[in-house]
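A.B. asks: A single structure is presented below for examination.
Nothing in this text is a laboratory measurement; each read-out follows from the coordinates by a stated rule. In this text, all values refer to a predicted model and were calculated from it rather than measured experimentally. When we count neighbours, we look across all protein chains shown, and the Cβ atoms used for this are built from the backbone with ideal geometry, even at glycine.
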Amino acid sequence: MPPPTKPQNTKPVTTDPSPPEHHFEGDYRPTAPTLFHPHAVDPKIRVEPLQVDFLHNLADALNTTLDLNTLMHRVADLVRAVIDYKIFAILLINDRSEDLRMRFQIGHSTEIERMRIKLGHGVVGQAALQRKSLLIEDVTKAENYIDANSNVRSELAVPLIIKNKVIGVLDLQSETIGYFTLEHQRLLELVASRMAIAVENARLYTRVSRQAQTLGVLNDISREITSILDPDDLLERIGALLKRVIDFQMFSILLWNERTQLFEHRFSSRFGERVNRERTIALGEGLIGTSAQLRQPILAPDVRKDTRYIEANPEVRSELAVPLVYKGEVIGVLDLEHTRVNYYNEDHQRTLSTLASQVAISIANARLYQRIHEEEQRMERDLEMARQVQLRLMPSRPPKLERAEIAAQFVAARSIGGDVYDYLDYGPGRTALAVGDVSGKAAPAALYAALVSGILRSLAPQHLSPAAMLAALNDQLQERKLDSQYVTMLMAVWDDSNQTLQIANAGSVQPLFVAANPDTTKPPSVRTIQAEGFPLGLFPNAEYEEFTLSTRPGDLIVFFSDGIVDAVNAVGDMFGDERLTKLLESRTAHPTARSTVDEILQAVSDFQSGTAHFDDETIVVLRVL
C-alpha cells in the first residue's frame, strides 16, 4: 500500500538525546491494553482500522510460534502490510563478540548481510547504544553513517529491548529522502516492544531444545563409551563422538602419568586428522596444566590475551580445557582449540564438563580392564608354567613289571590341580603306588601337591610299608602345617613275585577290586576295598591300618579320586559309585589297564555332556597279568 502522508512539520531525528513523546522507557514493553486496545493508544497517533487489525495480527503472529526464523518472517510480512518498505533487516546482538549481526533481511546484498556492526557504529549501532529509535530523513547528513548501499537515503532503526537489555535492532531503509514518518516510527516501536519478548522466548526455546538434544546426544555418547574397554579405541572414539556436540578444529586428550608426574598427549586430532604430539605438560603449566591444578574448566576467548597460555599452534585463537576427575583425582584433561576468537562459549563449557565426568569414568574403567587383562595374561603364562612343572612332577610312564601292568590318567579341572599320583621304586619286583587329593583347587592345591610329592620322594628310599609311609608323611606335613590344608592319600605296594598288594588309606576314596571270573562269558565281580584312615596333615601322631590282598591273573585294582564319582551333569545328577561299578561289571572281555582308564574317563565325559569339570579327575589302574 502507499505510505501514509508525511506531516509537513516533521524534522529529522539525529543527535537529540532526549526521547520523543512516544518513547517508552525501560524495556519498550507497553502494557497489553496499550498494544492491543485501540482506545489505549497515544491520542497523538491517529489509529486507522487497518492498524487495529495489524496489532491483532501481530499478537497472533508473535504468540503462535517459538521458531525464530518463522517469527522473523511473519514480522517482516506484517510490517510490510503497513509500511511499504523495500529494504528490511532484523539484527541481533552476539553476546560473545558484542556486535550486531543480521539474522533476517530483505533487499540487502550478500556482502552487507555478512557485516558485523559494533555498538555505536552506524544508525543501527547508535540505536542499540542509545537504546532509542532513530528516524533519519537523509542519511547523507547523519554522523557515523555506514554507507553500505549508496542508493539508501532514509533509515528507521528501532532497538529491541527486554528486561532493560538491548538484544537487537529492527531496521528499515528507503531510497527516498524523508520516506519514513513519525507514525511509522511509533508503529515500529510497538512492533519492537512486543517482538523483543517473542525473540527472547524463541531464543530460550531454542536453547532449551538444543540443551535437550545435547543431553540426549551426551546420553548416547555415555552409553557408547562405557562399552569400549580398549584404552586406545576409547580415546579415538571420544574424539569422534565429541564432534556431535561441539564442532572443534583441534582436540587433545592428555592423561596423567603417575611415574613421570606429567600430562602426556594420548590422543590428538587436527582438522579431522589424527596427529602425534610429543610435548608433555606439568601440573600448573599453561591453560591445560592450570585447569588440572585448579580442577576447574578454563575458557580462553582469545589465547593471545591470556598470560597462562603457552603457544603450541600459532593459529590457535580460542581454547577450552576441562579436567578429567575420577574419585577426587585428576587423571587427565580434555582440550579443545579453534582458530577463531571467541569461538567457545559457556554452553560449550557446560557440555564438555558434563561429558568429562563420564569420560573420566570410562577411561578409568578401560585402564582397569587393561590392567586386569594384562594381569590375566601374566597369570595364564604363570599357570601354564605351573602346569608344565606339575606334569613334570608326575611320572611320565608307568614302571615295567613282569606280572602286572599299570596305567594312569590325570585331568585337571583347571589349568593346574590338586590331585597327585606317583610310582616309587621299592627294589626288584616291588613298586609303591601313591594316589592323593589335596584340599582346594588350582594354584594353592597344586603347590601343596608339589610339597606332598617332594616329601613322598624323599621318603621313598626307606622302602616303608604303606601304613608307615602314610604315618611318616603325616609327621612331615605336621612340621610344615598350613591352616585348613590337608591331603587324602591311598598308598599301596605291589609285590610282583607273589602278586600281592599291601594297601593303607589316609582318607582317600576307597579303591575297587575287580575280580576276574574264571568263566570269561560271565561278568567280573566288583567290591570296595574297605580301607580307611585320617587325612594327612590334620592330626599329629596318626596311625593307619594296612591290608594285604592276594590277586589272580585278570584282576583289576582301580584307584580313583573323588572327581570321578562326584562328576555332575547338566541336571545336577552325580556319576556316583553305582555307575562306576556297573561300568566295570559290564566288561566281559580281557580289558587292559589302559583301556579301563580310557573307558572310565569317556563314560564320565559322556555323562557330563559338556558340563564344566569342577574337580580334578585321576585314575590309576593295576591289572594282574
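A.B. asks: In Å, what Kirkwood hydrodynamic radius results for the stretch 467-564 from the alpha-carbon pair distances?
C.D. replies: 14.8
A.B. asks: With mean projected area of the Cα convex hull in nm² defined as stated, name the option among (i) 31.9; (ii) 63.4; (iii) 45.8 computed from the structure displayed.
C.D. replies: (iii)
A.B. asks: Once whole DSSP H runs in the chain are found, which of them have Cα atoms spread over 15 Å or more along the helix axis and a mean Kyte-Doolittle score of at least 0.0?
C.D. replies: Result, helices passing both filters: 49-63, 68-82, 231-242, 442-459, 466-479.
A.B. asks: Continuing with this model, one more query. Please tell me the relative contact order of the stretch 394-624 in percent, rounded to the nearest whole number, where contacts are Cα pairs under 8 Å and at least six residues apart.
C.D. replies: Answer for the stretch 394-624 is 25 percent.
A.B. asks: If we sort 535-543, 121-129, 456-464, 109-117 on the protection proxy, mean other Cβ atoms within 10 Å, highest first, what's the order?
C.D. replies: Working: 535-543: 17.3, 121-129: 23.0, 456-464: 15.0, 109-117: 12.6.
Listed from highest to lowest mean packing, they are 121-129, 535-543, 456-464, 109-117.
A.B. asks: While we're here: Checking the table LYS86/LYS141; LYS400/LYS481; LYS141/LYS305; LYS243/LYS305 against a 30 Å threshold on Cα-Cα, which pairs fail?
C.D. replies: Result: LYS400/LYS481; LYS141/LYS305 exceed 30 Å.
A.B. asks: Moving on. So what's the gap between the Cα centers of the stretch 71-141 and the stretch 528-550, to the nearest angstrom?
C.D. replies: Using only Cα atoms to place each centre, the spacing works out to 106 Å.
A.B. asks: Taking a cut-off of 22 Å, what percent of all Cα-Cα pairs in the stretch 231-370 are separated by more than that?
C.D. replies: Summing the P(r) tail past 22 Å for the stretch 231-370 gives 30 percent.
A.B. asks: Right, another one. Under a straight-distance cross-link criterion of Cα-Cα below 21 Å, which lysines are reachable from LYS582, leaving out those fewer than 8 residues away in the same chain?
C.D. replies: The qualifying lysines are LYS522.
A.B. asks: Using alpha carbons only, how many angstrom separate the centre of the stretch 424-500 from the centre of the stretch 231-286?
C.D. replies: So the separation of the two Cα centres works out to 61 Å.
A.B. asks: Give, to the nearest whole percent, the P(r) tail of the stretch 483-625 beyond 20 angstrom, counting all Cα pairs.
C.D. replies: Result for the distance tail: 52 percent.
A.B. asks: Could you grab the relative contact order for the chain? Cα pairs under 8 Å, six or more apart, rounded to a whole percent. Write down the numbers at each step before the final one.
C.D. replies: Details: 1162 pairs, mean separation 51.4, N = 625.
So the answer I get is 8 percent.
A.B. asks: Taking a ≥ b ≥ c as the square roots of the Cα gyration tensor eigenvalues, with a/c under 1.5 meaning rounded and otherwise prolate when a/b beats b/c, else oblate, which class fits the stretch 71-146?
C.D. replies: The shape class here is oblate.
A.B. asks: Using 0.36 nm times the number of residues separating LEU215 and ASP84, minus their current alpha carbon distance, what extension gain do you get?
C.D. replies: Taking LEU215 through ASP84 to full extension adds about 42.7 nm, to one decimal.
A.B. asks: From the helices alone, meaning DSSP H stretches of at least four residues, give me the mean residue ellipticity at 222 nm for the chain, per-run term -39500 (n - 2.57), in deg cm²/dmol to the nearest 500.
C.D. replies: Working: 14 runs with 223 residues, N = 625.
Here the helix-only value at 222 nm equals -12000 deg cm²/dmol.
A.B. asks: How would you order 141-149, 573-581, 85-93, 235-243 from highest to lowest mean count of nearby Cβ atoms within 10 Å?
C.D. replies: Highest mean packing first, the order is 85-93, 235-243, 573-581, 141-149.
A.B. asks: So, by mean Cβ neighbours within 10 angstrom, what's the order for 193-199, 296-302, 516-522 with the highest one leading? Could you put the intermediate results ahead of the total?
C.D. replies: Working: 193-199: 23.1, 296-302: 18.0, 516-522: 10.6.
Listed from highest to lowest mean packing, they are 193-199, 296-302, 516-522.
A.B. asks: Does the stretch 32-208 come out rounded, prolate or oblate, given a ≥ b ≥ c as the square roots of the eigenvalues of its C-alpha gyration tensor, rounded meaning a/c under 1.5 and, failing that, prolate meaning a/b above b/c?
C.D. replies: Oblate shape, in that a/c is at least 1.5 and b/c is the bigger or equal ratio.
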